[in-house]
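The values are calculated or read from the model by the stated rules, or taken from the named source; none is laboratory data. Quantities reported herein were computed from a predicted structural model and do not represent experimental measurements. All Cβ positions, glycine included, derive from the backbone under ideal geometry; neighbour counts span all protein chains shown. The protein model used for the area step is the full one, side chains on, heavy atoms only, and it has no ligands, DNA or RNA in it. Shrake-Rupley method; radii C 1.70, N 1.55, O 1.52, S 1.80 Å.
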Amino acid sequence: MTTPSASATASPSPPGPGPGSSSAPARRRGHRAAAEARAGLLLSLPFVLLFAVFIAWPVLQSMFMSFTDMRISDIRSPFAVDFVGLDNYIAAFEDPVFRRSAVNTGVFVLIGVPLTITAGLAAALALDRGVTRLRGVFRVGFYTPVVTSIVAVAVVWRFLLRPDNGLVNTVLGWVGIDGPNWLGDERTALLSLIVMAVWRNFGTSMVIFLAGLQAVDQQLHEAAALDGASAWQRFLNVTLPSIRPTMLFVMVTTSIGYLQFFEEPFVMTQGGPLHATISASMYTYNQFGFGNYGVAGAMAYLTFIVIGIVTLAQFRLMREK
Amino acid sequence: MPELLKGFEKDNPDVTVEVTPIPWDSAHDKFTSAIAAGTAPDVAQVGSTWMAEFVSLDALEPTPENIATDDYFPGALESVTVEETVYGVPWYVETRVVFYRKDIAEEVGITEPPTDWEGLFEMARAMQGGPEGEWGIALQPGGDGSWQTVLPLFWSNGGDVVTEAGDEFTFASAENEEALAYYQSYFTEGVSDPAPPEGATEQDFVSGAVPMFISGPWMMAAVESVGGEGFADKYGVFVMPEKETSASFLGGANIGVFQGSQNRDAAWKLIEHLSRPEVQVAWFEQVGDLPALQSAWEDEAVASNEKFEVFHTQLGNAFAPPTIATWEQVAAKLDAQIEQVCKQDLDPAAALESVQSDAQGIGTGA
């Protein structure tokens, strides 16, 4: 990594004009381009530096860490640790709790992502066409959960889901159903968190879908309507193909978000009961907390690899269609 | 805290003390990163379960000879002792006792608090039949921190989780198994709720739905604020029931000096000041944390409340968790097994075997 001053003075003389361009205006253009390039470099340096120091270096360091037996007690001499190869990765696979956390995360993604996208798209469609006057109110209403602090959300949801006098079970009681202890029962805890996460996140995809929908060419709709296409047919054959890039974007970002599922179990259930809600990233966090940096690093990279595969698969899928 | 420092600053005009409050939740992470970066403070309040970890990081200074350590509660002194060396001093302590509703107990004909394991179980069962009584006693069915209730039962039965020297785990023993089976019986017999709602202990205690629980001194203020005027007379506390002994969990915080401190001498002087009985009593009056010094308990402010007297008795028989660097990690494994014992009827012996092998895999960090 060069220092700012070094790279700023690295090219004292701009590169000479290429062969066959010896005319004066061309040379001046060359000067100008070089000066612009230099200015650009200089302007991007703070970002490059910050990126290198705070992102690239830690990423490399944690990758190195995942192949060593580093513990918290090694923290002051990170290069004195022993190289253990893939041991940490094997240990992660052999850890029953980590396997459980991977399954939980998978369930969360497989149920949560489609629900979030469907809800987001449905809300966006409704708002795109719906009653004009209340549109703003609904947009704000649906988006509010996204910007609300998870801790505030957690307090309210815990109250709603309380087994004895929570609102959910009270309402169920009116129709004669004895509601479960949503967060305390291992059969319903993960489901409860998924519902909460969908409620909290569909606003984000809604906003993006809204923008995508507004870019759909209305003439196509009109033409299809003239040809006698029903609303459903127009949605399938006009709207959906037109918003495919938006769809891909929402799918990828939502999946990544759900694969990193952390806050909901962290504040609501601490991974319990009986590990029913522990997620891969939460378990990784716990390992960091215990000072097992090597194992935690390996777990983080396993998550990273899965995210990479899922994202690539989605790009493939959307391109082939 | 600044109040307590006035006397110290008067005696030591050349020393300025800067106090930085840190929320307890983030304190552990803050300290470890500060230790790694070499920017730890001179003096700090250290959670009693972090001592061994910080010592293993070479972060704490041993306590110098001139600071007396003979007047602390034995369990508290144990919590600052790592491999026979004392680091820092205890600052405040807390221990757990049994809270019960006096009025409900009287209605079901119990006038004397029980003294042994069977008695506690019978009382919980009897109270369950009382008015409004849904459950007998609130016990944590596993999960974060449930080891704090279970470990005392091990101790009470003569068991322990590490050897005397602290270098080997001893989870799988007949004493521990019996204690865990006893804990399990509260759930299998339907006396305790295996899936209690979170944070409802105070309300359920005041309403009578769950008329007993085991907890620390901070719950006094908590239940009295929910219960309102006069509630203080409606409930009582008693020491943990005996099997071989009456044992309880000892928690709290210690104060220590970090290695590499630029102001070593002043730092120890400050600790000496803070560990005077009158300063400990002043701290108790301010925030209600129980003094770690036995002599501080002779003060009227502490001795006048008979409930504190129960805590005082219990403190004589309260123990700190093992001071090993990996304790938090081992405890998490124990918590997970306790949960299976309480909720899924896992055999206590199998659970302890599992913790034992997990713990051996983790090691003591020594």
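The conditions of being more than 15 Å from B:SER275 (Cβ to Cβ), free of Cβ contacts under 8 Å to residues at least 60 places away in the same chain and of a type in the set (A, V, I, L, M, F, W, C) are not met by B:VAL15.
Against the condition more than 14 Å from chain B (Cβ to nearest Cβ), in a loop (DSSP other than H, G, I, E, B) and either touching a residue at least 60 places away in the same chain (Cβ under 8 Å) or surrounded by 14 or more Cβ atoms within 10 Å (Cβ to Cβ) (or both), how does A:ALA229 come out, does it pass?
Numbers: more than 14 Å from chain B (Cβ to nearest Cβ): yes; in a loop (DSSP other than H, G, I, E, B): yes; either touching a residue at least 60 places away in the same chain (Cβ under 8 Å) or surrounded by 14 or more Cβ atoms within 10 Å (Cβ to Cβ) (or both): yes.
Here the answer is yes, as A:ALA229 does meet what is asked.
Here is a yes/no grid of residues against (1) closer than 30 Å to B:SER156 by Cα; (2) open to solvent by 20 Å² or more (accessible area, probe 1.4 Å):
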residue: B:PRO211; (1), (2): yes, no
residue: B:GLY228; (1), (2): no, yes
residue: B:LEU274; (1), (2): no, no
residue: B:GLU285; (1), (2): no, yes
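Kindly establish whether A:TYR283 is open to solvent by 10 Å² or more (accessible area, probe 1.4 Å), farther than 25 Å from A:LEU191 by Cβ and within 14 Å of another protein chain (Cβ to nearest Cβ). For A:TYR283, the condition - open to solvent by 10 Å² or more (accessible area, probe 1.4 Å), farther than 25 Å from A:LEU191 by Cβ and within 14 Å of another protein chain (Cβ to nearest Cβ) - is not met.
Quick check: is even one residue across the range B:311-324 among the polar types (S, T, N, Q) and at pLDDT below 90? Checked against the condition, which is being among the polar types (S, T, N, Q) and at pLDDT below 90, the range B:311-324 yields at least one hit. Just name the residue that is farthest from the other protein chains (Cβ to nearest Cβ) out of those in the range B:195-209 that are touching a strand residue (DSSP E or B) at 6+ places or on another chain (Cβ under 8 Å) and open to solvent by 20 Å² or more (accessible area, probe 1.4 Å). Top of the filtered list is B:THR201.
Within the span defined as the range B:180-194, one or more residues are in contact (Cβ under 8 Å) with a residue 24 or more places away in the chain, within 14 Å of chain A (Cβ to nearest Cβ) and part of a helix (DSSP H, G or I). Taking the criterion of being more than 14 Å from every other protein chain (Cβ to nearest Cβ), open to solvent by 40 Å² or more (accessible area, probe 1.4 Å) and outside any helix (DSSP H, G or I), the residues of the range A:259-275 that qualify are A:GLN260, A:PHE262. I need the full set of residues from the range A:109-125 which are closer than 24 Å to A:VAL171 by Cβ and not polar (S, T, N, Q), in order please. Result: A:ILE111, A:GLY112, A:LEU115, A:ALA119, A:ALA122, A:ALA123. Looking at the structure I just gave you, is B:GLY136 away from chain A (no Cβ under 14 Å) and part of a loop (DSSP other than H, G, I, E, B)? The answer is yes for B:GLY136. Do we have A:GLY291 as surrounded by 15 or more Cβ atoms within 10 Å (Cβ to Cβ) and at positive phi here? Here the answer is yes, as A:GLY291 does meet what is asked. For the range A:276-313, the set of residues classified as of a type in the set (Gly, Ala, Ser), more than 24 Å from A:VAL84 (Cβ to Cβ) and not in a helix (DSSP H, G or I) consists of A:ALA276, A:SER279, listed by residue number. Taken over the range A:245-302, the residue count meeting the criterion of being among the aromatic types (Phe, Trp, Tyr) and over 20 Å from the mean Cα position of the chain (by Cα) is 3. Of the residues A:VAL171, A:VAL153, the single one that is away from every other protein chain (no Cβ under 13 Å), surrounded by fewer than 17 Cβ atoms within 10 Å (Cβ to Cβ) and not in a loop (DSSP other than H, G, I, E, B) is A:VAL171. Annotation note: of A:ILE256, A:ILE208, A:ILE278, the sole residue that is in contact with a helix residue (DSSP H, G or I) (Cβ under 8 Å, 6 or more places away or on another chain) and open to solvent by less than 30 Å² (accessible area, probe 1.4 Å) is A:ILE278.
Cβ-Cβ distance below 6 Å, separation of 6 or more or different chains: which pairs start in the range A:282-303 with a residue that is in contact (Cβ under 8 Å) with a residue 24 or more places away in the chain and end on one that is of a type in the set (Asp, Glu)? Every condition considered, the pairs that remain are A:GLY294/A:ASP69. Within the range A:115-150, the residues that satisfy the criterion of being part of a helix (DSSP H, G or I), hydroxyl-bearing (Ser, Thr, Tyr) and open to solvent by less than 70 Å² (accessible area, probe 1.4 Å) are A:THR116, A:THR144. Of everything in the range A:96-117 that's within 14 Å of another protein chain (Cβ to nearest Cβ) and touching a residue at least 40 places away in the same chain (Cβ under 8 Å), which residue is farthest from A:LEU274 (Cα to Cα)? Checked the range A:96-117; the qualifying residue farthest from A:LEU274 (Cα to Cα) is A:PHE98.
Does the range B:126-144 contain any residue that is open to solvent by less than 50 Å² (accessible area, probe 1.4 Å), more than 30 Å from A:GLU186 (Cβ to Cβ), free of Cβ contacts under 8 Å to residues at least 24 places away in the same chain and in contact with a strand residue (DSSP E or B) (Cβ under 9 Å, 6 or more places away or on another chain)?
Narrowing the range B:126-144 to residues open to solvent by less than 50 Å² (accessible area, probe 1.4 Å): B:126-128, B:130, B:133, B:136-139, B:141-143.
Okay, now just the ones that are also more than 30 Å from A:GLU186 (Cβ to Cβ), so B:126, B:130.
Narrowing the set further to residues that are free of Cβ contacts under 8 Å to residues at least 24 places away in the same chain leaves B:126.
The next check asks that each one be in contact with a strand residue (DSSP E or B) (Cβ under 9 Å, 6 or more places away or on another chain); those that pass are none.
For the range B:126-144, residues open to solvent by less than 50 Å² (accessible area, probe 1.4 Å), more than 30 Å from A:GLU186 (Cβ to Cβ), free of Cβ contacts under 8 Å to residues at least 24 places away in the same chain and in contact with a strand residue (DSSP E or B) (Cβ under 9 Å, 6 or more places away or on another chain): absent.
Scanning the range A:58-106 for residues that are open to solvent by less than 40 Å² (accessible area, probe 1.4 Å) and aromatic (Phe, Trp, Tyr) yields A:TYR89, A:PHE98.
Out of B:GLY316, B:GLY252, which single residue is touching a helix residue (DSSP H, G or I) at 6+ places or on another chain (Cβ under 9 Å) and either within 14 Å of chain A (Cβ to nearest Cβ) or surrounded by fewer than 19 Cβ atoms within 10 Å (Cβ to Cβ) (or both)?
It is B:GLY316.
So that you can scan it fast, the table gives a plain yes or no per residue for (1) open to solvent by less than 60 Å² (accessible area, probe 1.4 Å); (2) touching a residue at least 24 places away in the same chain (Cβ under 8 Å); (3) away from every other protein chain (no Cβ under 14 Å):
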{"residue": "B:VAL19", "(1), (2), (3)": "no, no, yes"}
{"residue": "B:ALA27", "(1), (2), (3)": "yes, no, no"}
{"residue": "B:THR39", "(1), (2), (3)": "no, no, no"}
{"residue": "B:VAL43", "(1), (2), (3)": "yes, yes, yes"}
{"residue": "B:SER48", "(1), (2), (3)": "yes, yes, yes"}
{"residue": "B:ALA52", "(1), (2), (3)": "yes, yes, no"}
{"residue": "B:LEU60", "(1), (2), (3)": "yes, yes, no"}
{"residue": "B:PRO74", "(1), (2), (3)": "no, yes, yes"}
{"residue": "B:GLU78", "(1), (2), (3)": "no, yes, yes"}
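Per the listing B:ALA350, B:ALA325, the residue uniquely surrounded by fewer than 21 Cβ atoms within 10 Å (Cβ to Cβ) and either within 13 Å of chain A (Cβ to nearest Cβ) or free of Cβ contacts under 8 Å to residues at least 12 places away in the same chain (or both) is B:ALA350. Looking at the range B:100-122, can you tell me whether even one residue there is surrounded by fewer than 21 Cβ atoms within 10 Å (Cβ to Cβ), under 26 Å from B:GLN294 (Cα atoms) and either without any contact (Cβ under 8 Å) to a residue 40 or more places away in the chain or out of contact with any Asp or Glu (no Cβ under 7 Å at 6 or more places or on another chain) (or both)? Within the range B:100-122 (the criterion being surrounded by fewer than 21 Cβ atoms within 10 Å (Cβ to Cβ), under 26 Å from B:GLN294 (Cα atoms) and either without any contact (Cβ under 8 Å) to a residue 40 or more places away in the chain or out of contact with any Asp or Glu (no Cβ under 7 Å at 6 or more places or on another chain) (or both)), the answer is yes, since at least one residue qualifies. Filtered by the rule that a residue be touching a Ser or Thr at 6+ places or on another chain (Cβ under 8 Å) and part of a loop (DSSP other than H, G, I, E, B), the range B:218-257 gives B:VAL239, B:MET240, B:PRO241, B:LYS243, B:GLU244, B:THR245, B:SER246, B:ALA247. The set of residues in the range A:69-86 being at the interface with chain B (Cβ under 10 Å from one of its Cβ atoms) and part of a loop (DSSP other than H, G, I, E, B) consists of A:ARG71, A:ILE75, A:ARG76, A:PRO78.
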